[in-house]
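Asks: Before I ask anything, let me first share the structure, which is written out below as C-alpha coordinates.
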Amino acid sequence: VKFATLISMYWPLILIAIGINQLFSKGHSSSGAIILILIGVFFQLRNLDLLPGDIGNYFWPVLLIIVGIMILLGSSKQDGIYKYKDNTIDHFVVFSGLENKCVSKDFRGGSATVAFGGIDLDFREAELSKEGAFLELTAVFGGIEVRVPEHWKVVVKGVPIFGVWENKAKTSVADVENQPVLNIKCLVMFGGIDIINN
(Lines give C-alpha, C1' and ligand atoms only; values in the text may rest on other atoms or scores of the structure.)
Protein backbone atom coordinates (compact mmCIF):
# COMPACT_ATOMS: atom_id res chain seq x y z
CA VAL A 1 0.00 0.00 0.00
CA LYS A 2 2.83 2.39 0.87
CA PHE A 3 4.51 1.74 -2.50
CA ALA A 4 1.25 2.48 -4.34
CA THR A 5 0.90 5.70 -2.34
CA LEU A 6 4.42 6.78 -3.30
CA ILE A 7 3.73 6.08 -6.97
CA SER A 8 0.45 8.04 -6.93
CA MET A 9 2.16 10.93 -5.14
CA TYR A 10 5.42 11.18 -7.08
CA TRP A 11 4.60 9.91 -10.59
CA PRO A 12 5.08 13.44 -12.08
CA LEU A 13 8.81 13.07 -11.34
CA ILE A 14 8.88 10.66 -14.30
CA LEU A 15 7.72 13.44 -16.63
CA ILE A 16 10.31 15.80 -15.16
CA ALA A 17 13.09 13.23 -15.58
CA ILE A 18 12.14 12.54 -19.22
CA GLY A 19 12.02 16.28 -19.90
CA ILE A 20 15.45 16.90 -18.35
CA ASN A 21 16.90 13.97 -20.32
CA GLN A 22 15.51 15.38 -23.59
CA LEU A 23 16.69 18.87 -22.68
CA PHE A 24 20.32 17.71 -22.60
CA SER A 25 20.08 15.19 -25.47
CA LYS A 26 21.32 16.19 -28.90
CA GLY A 27 18.66 16.32 -31.60
CA HIS A 28 15.69 16.79 -29.28
CA SER A 29 13.47 19.84 -29.26
CA SER A 30 14.35 21.86 -26.15
CA SER A 31 10.97 23.61 -26.26
CA GLY A 32 9.10 20.31 -26.00
CA ALA A 33 11.35 19.24 -23.11
CA ILE A 34 10.64 22.47 -21.23
CA ILE A 35 6.89 22.00 -21.68
CA LEU A 36 7.14 18.44 -20.35
CA ILE A 37 9.10 19.66 -17.31
CA LEU A 38 6.53 22.39 -16.61
CA ILE A 39 3.67 19.88 -16.75
CA GLY A 40 5.55 17.53 -14.41
CA VAL A 41 6.34 20.32 -11.94
CA PHE A 42 2.70 21.46 -11.97
CA PHE A 43 1.31 18.00 -11.18
CA GLN A 44 4.01 17.33 -8.55
CA LEU A 45 3.35 20.57 -6.68
CA ARG A 46 -0.38 19.92 -6.88
CA ASN A 47 0.06 16.41 -5.45
CA LEU A 48 2.04 17.89 -2.56
CA ASP A 49 -0.69 20.50 -1.94
CA LEU A 50 1.78 23.33 -2.52
CA LEU A 51 -0.40 25.16 -5.03
CA PRO A 52 -3.58 27.20 -4.57
CA GLY A 53 -6.69 25.25 -5.53
CA ASP A 54 -7.60 27.50 -8.47
CA ILE A 55 -4.12 27.59 -10.06
CA GLY A 56 -5.24 25.07 -12.68
CA ASN A 57 -7.61 27.66 -14.13
CA TYR A 58 -4.58 29.78 -15.05
CA PHE A 59 -1.85 27.18 -15.66
CA TRP A 60 -3.35 25.44 -18.70
CA PRO A 61 -4.31 28.63 -20.61
CA VAL A 62 -0.83 30.08 -19.96
CA LEU A 63 0.80 26.82 -21.09
CA LEU A 64 -1.23 26.85 -24.32
CA ILE A 65 -0.15 30.43 -24.95
CA ILE A 66 3.50 29.45 -24.43
CA VAL A 67 3.12 26.51 -26.83
CA GLY A 68 1.53 28.81 -29.41
CA ILE A 69 4.38 31.32 -29.12
CA MET A 70 6.96 28.53 -29.53
CA ILE A 71 5.20 27.31 -32.66
CA LEU A 72 5.04 30.83 -34.12
CA LEU A 73 8.72 31.44 -33.43
CA GLY A 74 9.62 28.04 -34.82
CA SER A 75 11.79 27.35 -31.81
CA SER A 76 11.86 23.60 -32.44
CA LYS A 77 13.46 24.19 -35.84
CA GLN A 78 16.14 26.48 -34.46
CA ASP A 79 17.78 23.59 -32.64
CA GLY A 80 19.03 22.22 -35.97
CA ILE A 81 19.35 18.63 -37.11
CA TYR A 82 21.85 16.46 -35.29
CA LYS A 83 24.03 14.21 -37.47
CA TYR A 84 24.04 10.79 -35.87
CA LYS A 85 27.23 8.77 -36.56
CA ASP A 86 26.55 5.75 -34.34
CA ASN A 87 25.70 2.42 -35.96
CA THR A 88 22.54 2.02 -33.87
CA ILE A 89 19.82 4.39 -32.68
CA ASP A 90 17.78 4.49 -29.48
CA HIS A 91 15.25 7.34 -29.32
CA PHE A 92 12.41 7.91 -26.85
CA VAL A 93 10.35 11.07 -27.34
CA VAL A 94 7.35 12.25 -25.28
CA PHE A 95 5.49 15.55 -25.89
CA SER A 96 8.36 16.63 -28.10
CA GLY A 97 9.96 16.39 -31.52
CA LEU A 98 13.21 15.01 -32.87
CA GLU A 99 15.03 15.31 -36.20
CA ASN A 100 18.12 13.19 -36.78
CA LYS A 101 20.24 12.60 -39.85
CA CYS A 102 22.09 9.29 -39.59
CA VAL A 103 25.42 9.23 -41.45
CA SER A 104 26.65 5.82 -40.25
CA LYS A 105 28.42 3.71 -42.88
CA ASP A 106 27.58 0.49 -41.03
CA PHE A 107 24.01 1.03 -39.79
CA ARG A 108 22.68 -1.96 -37.82
CA GLY A 109 19.29 -0.69 -36.59
CA GLY A 110 17.81 0.15 -33.21
CA SER A 111 14.54 1.56 -31.93
CA ALA A 112 12.54 4.78 -31.92
CA THR A 113 9.47 5.43 -29.78
CA VAL A 114 7.28 8.53 -29.79
CA ALA A 115 4.21 9.47 -27.76
CA PHE A 116 2.39 12.76 -28.37
CA GLY A 117 5.13 14.04 -30.65
CA GLY A 118 7.05 13.40 -33.84
CA ILE A 119 10.30 11.83 -35.03
CA ASP A 120 12.00 12.42 -38.38
CA LEU A 121 14.80 9.95 -39.19
CA ASP A 122 16.93 10.63 -42.28
CA PHE A 123 19.13 7.74 -43.48
CA ARG A 124 19.80 9.09 -46.97
CA GLU A 125 23.50 9.63 -46.20
CA ALA A 126 23.88 6.31 -44.35
CA GLU A 127 24.82 2.81 -45.49
CA LEU A 128 23.44 -0.48 -44.21
CA SER A 129 25.58 -3.10 -42.52
CA LYS A 130 26.44 -6.03 -44.81
CA GLU A 131 24.24 -8.19 -42.57
CA GLY A 132 21.36 -5.73 -42.89
CA ALA A 133 19.59 -3.91 -40.07
CA PHE A 134 16.51 -4.22 -37.84
CA LEU A 135 14.59 -1.13 -36.81
CA GLU A 136 11.73 -1.18 -34.29
CA LEU A 137 9.34 1.79 -34.45
CA THR A 138 6.53 2.65 -32.04
CA ALA A 139 4.18 5.61 -32.48
CA VAL A 140 1.44 6.36 -29.94
CA PHE A 141 -0.60 9.51 -30.62
CA GLY A 142 2.30 10.66 -32.76
CA GLY A 143 4.14 10.15 -36.01
CA ILE A 144 7.44 8.83 -37.34
CA GLU A 145 8.86 9.59 -40.78
CA VAL A 146 11.77 7.52 -42.07
CA ARG A 147 13.71 8.65 -45.14
CA VAL A 148 15.87 6.02 -46.86
CA PRO A 149 18.06 6.12 -50.00
CA GLU A 150 16.71 4.50 -53.17
CA HIS A 151 19.35 1.76 -53.20
CA TRP A 152 18.10 0.31 -49.88
CA LYS A 153 15.78 -2.67 -49.79
CA VAL A 154 13.14 -2.10 -47.08
CA VAL A 155 10.76 -4.72 -45.63
CA VAL A 156 8.09 -3.46 -43.26
CA LYS A 157 5.79 -5.42 -40.95
CA GLY A 158 3.61 -4.08 -38.21
CA VAL A 159 0.40 -3.73 -36.28
CA PRO A 160 -1.75 -0.63 -36.79
CA ILE A 161 -4.28 0.06 -34.00
CA PHE A 162 -6.43 3.03 -35.03
CA GLY A 163 -3.39 4.18 -37.01
CA VAL A 164 -1.51 3.45 -40.21
CA TRP A 165 1.96 2.66 -41.51
CA GLU A 166 2.99 2.97 -45.16
CA ASN A 167 6.10 1.84 -47.01
CA LYS A 168 6.45 4.25 -49.95
CA ALA A 169 10.16 3.57 -50.45
CA LYS A 170 11.18 2.32 -53.90
CA THR A 171 14.48 0.65 -54.71
CA SER A 172 16.46 1.60 -57.80
CA VAL A 173 18.82 -1.39 -57.52
CA ALA A 174 18.39 -4.12 -60.14
CA ASP A 175 19.97 -6.92 -58.07
CA VAL A 176 17.64 -6.59 -55.07
CA GLU A 177 18.05 -10.19 -53.89
CA ASN A 178 21.72 -9.78 -52.95
CA GLN A 179 21.28 -6.42 -51.22
CA PRO A 180 21.30 -6.01 -47.42
CA VAL A 181 17.80 -5.45 -46.03
CA LEU A 182 16.42 -2.91 -43.60
CA ASN A 183 13.71 -4.79 -41.70
CA ILE A 184 11.27 -2.48 -39.93
CA LYS A 185 8.76 -3.60 -37.30
CA CYS A 186 6.00 -1.07 -36.61
CA LEU A 187 3.51 -0.61 -33.79
CA VAL A 188 1.11 2.29 -34.39
CA MET A 189 -1.65 3.43 -32.04
CA PHE A 190 -3.60 6.55 -33.02
CA GLY A 191 -0.71 7.74 -35.17
CA GLY A 192 1.23 7.12 -38.34
CA ILE A 193 4.56 5.82 -39.65
CA ASP A 194 5.81 6.63 -43.18
CA ILE A 195 8.85 5.19 -44.94
CA ILE A 196 9.80 7.32 -47.95
CA ASN A 197 12.75 8.13 -50.24
CA ASN A 198 12.66 11.93 -50.13
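Asks: Compute the Rg to Rh ratio over segment 110-175 from the alpha carbon atoms, using the Kirkwood formula for Rh, and round to two decimal places. Before the final figure, lay out each step's value.
Replies: Details: Rg = 12.8 Å, Rh = 13.2 Å.
We get a ratio of 0.97 for segment 110-175.
Asks: Treat each spin label as a single point 7 Å out from the Cα along the C-beta direction, and report the residue 49 to residue 151 distance in nm.
Replies: About 6.7 nm, to one decimal.
Asks: Ranked highest first by average number of other Cβ atoms within 10 Å, how do 100-108, 40-48, 154-162 line up?
Replies: Working: 100-108: 17.9, 40-48: 16.2, 154-162: 13.9.
Going by the mean number of other Cβ atoms within 10 Å, highest first, we get 100-108, 40-48, 154-162.
Asks: What FRET efficiency do you get for residue 86 and residue 14 if R0 is 25 Å and r is their Cβ-Cβ distance, rounded to the nearest 0.05? Numbers along the way, then the final one.
Replies: On the way: r = 26 Å, r/R0 = 1.04.
Calculated value: 0.45.
Asks: So how much slack lies between residue 21 and residue 4, counting 0.36 nm per residue of separation and subtracting their Cα-Cα distance, in nm?
Replies: 3.6 nm
Asks: Send over the per residue convex hull volume for the chain, Cα only, as a whole number of Å³.
Replies: Dividing the Cα hull volume of the chain by its residue count gives 144 Å³.
Asks: If you rank 151, 91 by how much accessible surface each has, with a 1.4 Å probe, what is the order from largest down? Display every interim value, and only then the final one.
Replies: On the way: 151 70, 91 15 Å².
I get 151, 91, largest accessible area first.
Asks: In the chain, which helices (entire DSSP H runs) extend 24 Å or more along their own long axis, judged by Cα positions, while averaging at least 1.0 on the Kyte-Doolittle scale?
Replies: Working: long enough: 30-47 (26 Å, 1.51); 56-73 (26 Å, 2.12).
Helices meeting the criterion: 30-47, 56-73.
Asks: For the chain, what % of the accessible area comes from carbon and sulfur atoms, probe 1.4 Å?
Replies: Values: 7090 of 11310 Å².
Carbon and sulfur together cover 63 percent of it.
The values are calculated or read from the model by the stated rules, or taken from the named source; none is laboratory data. This one's a predicted model, so the numbers in the text were calculated from it and none came from an experiment. A quick note on method: Cβ atoms are made from the backbone with ideal geometry, for glycine too, and the neighbour counts reach across all protein chains shown. When the accessible area is computed, the model is the full protein with side chains, heavy atoms only, and any ligands, DNA or RNA have been set aside. Shrake-Rupley method; radii C 1.70, N 1.55, O 1.52, S 1.80 Å.
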